Each structure stands twice: as structure tokens, then as C-alpha cells.
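Working notes for the structure below.
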Amino acid sequence: TLPCLPGARPCIPKDFGHGSLVCVCNATYCDTLDPLVLAAPGSYVKYESSKAGKRLERSEGRFQSSLRTPGSATGGWWCHRGTPRHHGLSRGLPAGLLLTLNISTLYQHVKGFGGSLSDAAAMNILKLSQPAQDNLLRSYFSESGIEYNLIRVPMACSDFSVRPYSYDDVPDDYELKHFRLVDEDVKMKV
């Protein structure tokens with residue numbers, strides 16, 4: 001278990017050129033976030049990053065209750081940072097974004113958030129010192145990071161591998177008697 005750092009530590013920006021910045025994360029320092037807190041009912045929390053330098057900048061807002069959600073026959077919550085013309089709502093609202101939430105209809109459940117651990121990613125992580133690896137993994141998985149809880153691992157090689165490989169190259173081996181993991185799996189993914 002990686003220990004969590006209390007409170008947010010700011011991004012120390014580093015410019016590698018090309019007009020964008022990255023945050024320093026090495027053996028001695030990595031930026032962190034305050035622990036995530038659920039918004040109160042009727043409110044939302046937004047995190048924004050930008051090429052201009054915002055790094056998971058937190059802001060809050062309130063949804064406006066509506067008996068009739070715009071564009072829907074049912075009630076719900078909606079928030080606005082303006083109103084697009086095609087919704088035909090009050091002209092008194094500034095132009096911008098309209099987000100409509102119909103709370104009476106659910107389409108899917110979110111199991112979590114995460115990323116992919118490819119051979120290339122694993123090779124680069126393993127090239128880091130142990131303290132740098134700990135900081136990097138903490139920034140992905142801990143409460144002081146972005147709290148990933150899912151990882152997708154490619155089966156066999158992918159376009160981010162240094163060589164083509166599979167788990168059983170023997171033709172007609174339907175019982176997978178020749179199935180075996182390769183070094184990339186044993187050393188980097190499992």
C-alpha cells in the first residue's frame with residue numbers, strides 16, 4: 001500500500017516545448033489533489049485542465065431545478081453557463097453551455113475510471129527509480145491522486161509493444177496446450 005500525502009501539492013510546471021506544459025513527478029516531488037468530496041444534492045464539482053496551464057482546477061456550481069427539463073417532458077435538474085440558441089430558452093441567459101440531466105432515466109452505471117497499461121507504459125515506469133515509481137503510481141491510484149480504480153491490460157502485444165507476440169502460435173491448438181505468458185507479461189503486467 002502506498003501512503004497518501006495529506007492535502008494538495010501544486011503542479012510544478014515543466015515545459016518540453018511544443019506549447020504545452022507537464023507537471024513534474026519524480027523521486028522527490030509529485031503534485032497531488034485534495035481528497036475528492038461528493039457535491040451536495042443539486043450541486044456539481046468540475047475539474048478542468050487546459051493547455052494554458054490549468055491542472056485539475058476545481059470549481060463548484062449549483063443545478064437549477066426545473067419542473068420541465070429543457071427538451072424533455074419530464075422534470076430534472078439542469079445547469080447552465082449560458083443557453084445555446086437551438087434550445088429556445090430564455091434570452092436572458094448568457095451564451096455558452098447547457099447541460100441537461102434527466103434524473104428519471106438511467107442508461108448505465110459507471111464502474112470506475114482508469115487507463116491502459118501497455119508494454120510501452122510499463123517499460124517507461126520500470127525505468128524510473130523506486131521512489132519515482134511510487135510517486136507516479138500514487139498520483140494515479142491514491143486519494144491524493146486521480147483515484148483510478150480500473151486498468152486495461154492488452155492481451156498479448158499491441159501497437160505499443162516493441163515486438164509482435166501472442167500466447168499460442170501453434171496452429172490448431174484449440175485446447176491451448178502451448179499457451180504461455182511471455183516475458184513482457186511476467187515482468188511488466190502481472
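The values are calculated or read from the model by the stated rules, or taken from the named source; none is laboratory data. Just so we're clear, the structure is a prediction, and the values are computed from it rather than from any experiment. Here the Cβ positions follow ideal geometry from the backbone for every residue, glycine too, while neighbour counts run over all protein chains shown. Ligands, DNA and RNA are stripped out before the accessible areas are found, and what is left, the full protein with its side chains, is counted by its heavy atoms. Shrake-Rupley method; radii C 1.70, N 1.55, O 1.52, S 1.80 Å.
Within the same chain, lysines fewer than 8 places from residue 111 are excluded, and of the rest, those with a Cα less than 24 Å from its Cα are 46, 189. Each residue of segment 127-142 was assigned a 3J(HN,Hα) from its phi angle through the Karplus expression (A = 6.51, B = -1.76, C = 1.60, θ = phi - 60°), giving 7, 7, 5, 4, x, 5, 4, 4, 4, 4, 5, 4, 5, 8, 10, 8 Hz with x at Gly and Pro. Label reach from residue 150 (point 7 Å along Cα→C-beta): in segment 104-123, amide nitrogens under 17 Å belong to 107-118.
Per-atom-type breakdown for segment 118-190 gives carbon and sulfur 58% of the accessible area (1.4 Å probe, protein chains only). Across segment 40-47, coupling constants 3J(HN,Hα) worked out from phi with the 6.51/-1.76/1.60 Karplus curve, θ = phi - 60°, read 5, x, x, 10, 9, 10, 10, 10 Hz, and Gly and Pro carry x.
Can you give the FRET efficiency to the nearest 0.05 for residue 110 and residue 34, using r as the Cβ-Cβ distance and R₀ = 25 Å? That pair, residue 110 with residue 34, gives E of 0.70.
Tell me the trypsin sites (Lys or Arg not before Pro) within segment 94-141 that lie in a loop according to DSSP and have at most 15 other beta-carbon atoms within 10 Å.
Values: sites: 111, 127, 138; in loops: 111, 127.
When the trypsin sites (Lys or Arg not before Pro) of segment 94-141 are filtered for loop state and at most 15 Cβ neighbours within 10 Å, 111, 127 remain.
3J(HN,Hα) along segment 156-170: 6, 7, 9, 5, 10, 9, 8, 7, x, 7, 9, 9, 7, 8, 7 Hz, from the Karplus curve 6.51 cos²θ - 1.76 cosθ + 1.60 with θ = phi - 60°, whole Hz, x for Gly and Pro. Quotient of the Cα radius of gyration of segment 1-64 and 2.2 N^0.38 Å, N being its number of residues: 1.38. Over segment 1-64, what percent of the accessible surface lies on carbon and sulfur atoms, probe 1.4 Å? Answer for segment 1-64 is 59 percent, counting heavy atoms of protein chains only.
Entry comment: accessible area of segment 111-189 is 69 Å² per residue, from protein heavy atoms only and a probe of 1.4 Å. The slack in the chain from residue 57 to residue 133, taken as 0.36 nm per residue of separation less the alpha-carbon distance, amounts to 24.9 nm.
Quick one: ranking 38, 150 by accessible area, 1.4 Å probe, largest first, what do you get?
Numbers: 38 165, 150 85 Å².
The ordering from most to least exposed comes out as 38, 150.
Put simply, the amide H of residue 145, placed in the peptide plane, has neighbours under 5 Å in 33, leaving out anything fewer than 5 places away on its chain. Cα centroid distance between segment 37-60 and segment 109-153, in Å? Going from one Cα centre to the other spans 21 Å.
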